[in-house]
Structures are given as C-alpha cells and as structure tokens.
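Working notes for the structure below.
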Amino acid sequence: MRSGKHGAFLGCADYPQCDYIRPLKPQADGHVVKVLEGQPCPLCQADLVLRQGRFGMFIGCSQYPVCEHTEAIDRPDATAIACPQCHEGRLVARRSRYGKTFHACDRYPECQFAVNFTPVAGECAWCHFPLLIEKKTAQGLRRFCASKACGKPVTTGHEERE
C-alpha cells in the first residue's frame, strides 16, 4: 500500500522493476458530513444528514439504503424568462457534468431548449425570435439573437452597430 498525490493505492513491492499499480476504492460514496438534527425526513421521519457524494454536497436520509430520500442543496436559479420553444416552462440555470453553466427549460425532457449564454428578455429585429443572449466579445458585453438559425447581433438604444 502506497500513498500518492491522488490518494492511497496498491503498488508492487518490486518497484521500479515492476510498475504495476491498482487504485484503492474510496470510502463509500455519499459519506456523512454532518447530522442535521431537528430536520426529519419527509418519508420516514428519521434525521436528515449532509452528505458528500460524487457530484458534491447533498442532503439525504440517515436511514439510507432503507430510505432513499435525497434533496439537492443548490436549487437551479429560476429566471422570469419564459421558454421560447414550448412557451410553458421557465429558463433555469444548470451545470453540465464538466461544471459549465447553461440555461435550459425546466420542463426537460418534454422540452429540450437550452442556451450556453445568459438569456435576456427581448426580441430579435431580424427574425423576431423572443429571446436574446449576452456574450462577452472584444467590444464588450453584446447581445445576440438566441436562435441558432439567426444568431445576429442585436443593437440596443446606446449602441450604433450593425
């Protein structure tokens, strides 16, 4: 058993002639960080606990695996902007598996509309798409049409660009 910059691992005793290594399995996924006393689980009434999991911190039931209740700590930030595709949902900020922030419809998977930039309420003068996005460019913060078919820059009252 050896220790490296990424944690403990099993290595061959004949190192450096043999460079065989095998990672050790980490502690059980979702280990308890803190017990949240006074906050009962809505399913089984046991105490809720703060856990560290593979994708970050979350709240779960202390009776896991008997009770599988979990809650996300970081709720998606809802915007007041309606989804331009389905007109029923709202755009919410989400994180990809790589940690990048994007905005998508909260009715997923029924509606799969998503944009990678910050959405802004407005209408494109060219195609009349009901949503704009803000991008950082060399000229500063600019607004563009959110439609993938259009994507043209939109001039605001204080800009004089075409």
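The values are calculated or read from the model by the stated rules, or taken from the named source; none is laboratory data. In this text, all values refer to a predicted model and were calculated from it rather than measured experimentally. With ideal geometry, Cβ positions are generated from the backbone for all residues, glycine too; neighbour counts draw on all protein chains shown.
One table, with the values for the structure above:
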{"quantity": "The range 34-51, residues that are within 11 Å of residue 63 (Cα to Cα) and either in a loop (DSSP other than H, G, I, E, B) or touching a residue at least 60 places away in the same chain (Cβ under 8 Å) (or both)", "calculated": "41, 43, 44, 45, 46"}
{"quantity": "Residue match in the range 104-122 (condition: more than 19 Å from the chain's Cα centre (by Cα), acidic (Asp, Glu) and at pLDDT below 90)", "calculated": "no"}
{"quantity": "Tabulated pairs, the range 73-95, first closer than 12 Å to residue 118 by Cα, second at pLDDT below 85 and assigned to a loop (DSSP other than H, G, I, E, B), C-beta under 6 angstrom, 6+ apart or interchain", "calculated": "92/76; 93/76; 93/77; 94/76"}
